[in-house]
Amino acid sequence: MSLYFIRHGQTVANSSHKFNGECDEELNDIGLNQALNAGKQFKDIKIDLVYCSPLIITRQTLEGLNLPKNTPVIFEPRLVERKAGKMNGLDITDELLFDVYLNINNKTKFDGLEPIDEVFSRVHSVLNEIKQKHSDKNVLIVAHGFISRAVYFYFNELPQSGKLGDVMEAFLQNCEVKKYEFN
């Protein structure tokens with residue numbers, strides 16, 4: 001069984017380098033095209049089941065992939081992007097991104113910013129469920145940037161520094177696909 005993960009296509013918040021967290025918005029034209037192009041990667045891969053964040057950006061991405069119409073889809077709220085609280089709408093600066101948003105040891109508090117361990121816990125519970133219930137299937141997850149990190153660190157060790165941004169392969173670009181194997 002293989003697990004595939006795709007991050008949603010580009011949005012206006014992505015292109016303007018703003019924190020967006022769990023706020024829902026539609027894909028922009030680039031994002032829609034990214035999803036269509038990403039779908040070509042699944043042309044020769046049989047996807048048995050999809051777990052998808054219920055937000056519109058992930059639904060539009062899934063639709064753009066043009067998977068067979070009979071592919072079962074589970075819209076899973078535990079895959080919604082990390083709640084960014086008061087960070088929503090702020091410019092993504094290196095300091096905010098690497099020292100606050102992606103730092104497990106961060107001491108700076110932003111009202112409504114969901115703790116990293118809580119995000120990891122909910123995402124890892126989905127992965128445990130997939131491993132237990134669908135071990136004989138190829139599963140695709142359609143979700144978000146921070147969720148891609150939670151998935152990556154399910155399969156890989158956290159950096160000793162506690163800074164998730166130190167591991168760039170844990171972050172996917174819009175509509176980038178990553179493949180994982182359960183042991």
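The values are calculated or read from the model by the stated rules, or taken from the named source; none is laboratory data. This is a predicted model, so every value here is computed, not measured. Positions of Cβ are backbone-derived with ideal geometry, glycine not excepted, and every protein chain shown enters the neighbour counts. All accessible areas refer to the heavy atoms of the entire protein, side chains included, with ligands and DNA or RNA removed. Shrake-Rupley method; radii C 1.70, N 1.55, O 1.52, S 1.80 Å.
The convex hull built on the alpha-carbon positions of segment 80-149 has an orientation-averaged projected area of 5.3 nm².
Excluding ligands, DNA and RNA, the accessible surface per residue across the chain is 50 Å² with a 1.4 Å probe.
Here the calculated FRET efficiency for N37 and K107, from their Cβ-Cβ distance with R0 = 41 Å, stands at 0.50, rounded to the nearest 0.05. Electrostatic tally near L32: other residues with Cβ closer than 14 Å to its Cβ, Lys and Arg +1, Asp and Glu -1, net -3. Projecting label points 7 angstrom from Cα along Cα→Cβ for S125 and V100 puts them 2.8 nm apart.
When all alpha carbon pairs of segment 1-88 are counted in 5 Å bins from zero, the resulting P(r) reads 3, 14, 24, 24, 18, 10, 5, 1, 0 %. Please give me the summed charge of the neighbours of C175: other residues whose Cβ is under 12 Å from its Cβ, Lys and Arg +1, Asp and Glu -1. Net local charge, C175 excluded: +2.
The calculated 222 nm mean residue ellipticity attributable to helices in the chain amounts to -9000 deg cm²/dmol, summing -39500 (n - 2.57) over DSSP H runs of n ≥ 4 and dividing by all residues. Partner lysines whose Cα lies under 29 Å from the Cα of K137, excluding those fewer than 8 positions away in the same chain, are identified as K40, K43, K46, K69, K178, K179. Under 5 Å from the amide H of K83 lie the amide H atoms of E114, each residue being 5 or more positions distant or on a separate chain, with H modelled from the backbone and absent for Pro and chain starts.
Under 17 Å of direct C-alpha separation, and excluding same-chain neighbours fewer than eight residues apart, K163 reaches these aspartates and glutamates: D94, E95, D99, E114, D117, E118. With Cα atoms as the point set, the chain shows a radius of gyration and Dmax of 15.7, 47 Å. Note on R78: accessible area is roughly 60 Å² with a 1.4 Å probe, heavy atoms of protein only.
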